[in-house]
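Below is one structure, written out as C-alpha cells; the observations come after it.
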C-alpha cells in the first residue's frame, strides 16, 4: 500500500507540487462582474476573433495556456503533460487547442469539476516523478454550451430561476516540482453521487450532495475539520446548491457559512447581471481560481484554501432518456507553505 494514500479517497503528496504560474481568460459579461479587471485577457467579442463560437473556445485555451506558461516563466515545450478539458462533445475545444502544440496531452472530462480533476491528475504526475512540469487547463463558453445542451440562442427560451449561466472563461495552472509556491499538498477524489435530481435547470441541487460527501471524506481522511481552512471554495453550485451544502453540514452540527464561497456566485452579480442562480461551466471555477483565489493567496490574504469543484454528469442523451443527474466533486488543498498541511 502506498504511503501517499490517506484514508478511503485521498492522497497526501510526499513532494507537494508547486503552482509555478497561472492565467485566466474571460468574456465581456464575465469582466463586468465582481472580478472586473482581475483577468489576464478579456475579449469584448464573443467570437474572440474567430468565425464560430466553438473555434473561439479553442482560441481561449490556446491563449490561457500561453499566458500561464509566461507566468511560470517556462516554454510550452518544457511542459511534460497537459491535462485539458471542456464541455463540448469529445472535449473537442481542448483537442483542437493542443493538436499543434506537440505536448503530451490528456483529455479530461468532469463537467464543471474538470479544473479540480485536471489539477489532481497533474499534481499526481509531478509528485509521482513522472513529470517535472504539467499544465491543467479548462474552458467553457456560454454560446457553445447553450447550442449543445439547450437551445440555439435565436430560440429565445425562458430560463428558470434555478438555472445558471455558463461562463465564457478559461483558466490554466502550471505545476512544477520546484519553486516558491503556493503548493498542492493533498487531494481528495470524489465518488459519484446521484441524488435523483432530474431537472437540468437545477444543477446546484444535483451537485450539492456530491460536494458534501467529498468534503466530508476529505475532513475524515485527514482527521481535520472545516475550520482548518481559511477558505473552502466550491464551484459551481450557485446560490441554490451553496445553500444546500451549508444546510447539509448544518445537519452535522458544522457551520461552514463563514468560510465557504462558491465560484458560481463570485464570477457574476446575480442582482445586476441576470444570471439567476449564478455561474456554471468548467471555465467558471477555473477562471475564478486563477484570476482571484491564487492571486489573493500570493498576496498573503489566505494561507490554506480547499478548492472543491463540482460537476453535473449529464448529457443531452441521458436527459432525453429521463435519466437523473449524477454529481461529482474533487477537492484540491492549496497552501502557501510547503509543509503547512
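Computed values, structure above
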item	result
Most mobile of 17, 182, 104 in a GNM of the chain (Cα contacts under 10 Å)	104
Cα-projected label distance for residue 254 with residue 148, points at 7 Å along beta-carbon direction, nm	3.3
Efficiency of FRET between residue 132 and residue 5 - r from beta-carbon atoms, R0 25 angstrom, step 0.05	0.60
Extension reserve of the residue 90-residue 247 stretch, reckoned as 0.36 nm per residue once the Cα distance is removed	53.0 nm
For 323, 146, order by how many other beta-carbon atoms lie within 10 Å, fewest first	323, 146
Relative contact order %, segment 183-335, counting alpha carbon pairs below 8 Å whose residues are six or more apart	39
Over the chain: helical MRE at 222 nm, DSSP H runs n ≥ 4 each giving -39500 (n - 2.57), nearest 500	-9000 deg cm²/dmol
Cα centroid separation, segment 210-245 to segment 260-325 (Å)	13
Within a Gaussian network of the chain (alpha carbon springs, distance under 10 Å), most fluctuating of 80, 252, 262	252
Ascending count of other beta-carbon atoms within 10 Å, so fewest first, for 47, 212, 109	47, 109, 212
For the chain, built as a Gaussian network whose Cα springs stay under 10 Å, the top-fluctuating residue of 297, 60, 265	297
Contour minus Cα-Cα distance for residue 230 and residue 14 (0.36 nm per residue)	75.5 nm
Inter-site label distance for residue 192 and residue 180 at 7 Å from Cα along Cβ, in nm	4.4
Among (i) 22, 38, 32, 8, 0; (ii) 28, 53, 17, 2; (iii) 35, 60, 5, the entry that matches P(r) over Cα pairs in 20 Å bins from 0, in percent as calculated here	(iii)
Sorted by Cβ density within 10 Å, fewest first, the residues 119, 294, 267	294, 119, 267
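A short reminder: the numbers here are calculations on the coordinates, not readings from a lab. Keep in mind it's a predicted model, so treat the numbers as computed, not measured. Positions of Cβ are generated from backbone atoms using ideal geometry, with glycine treated the same way; all protein chains shown enter the neighbour counts.
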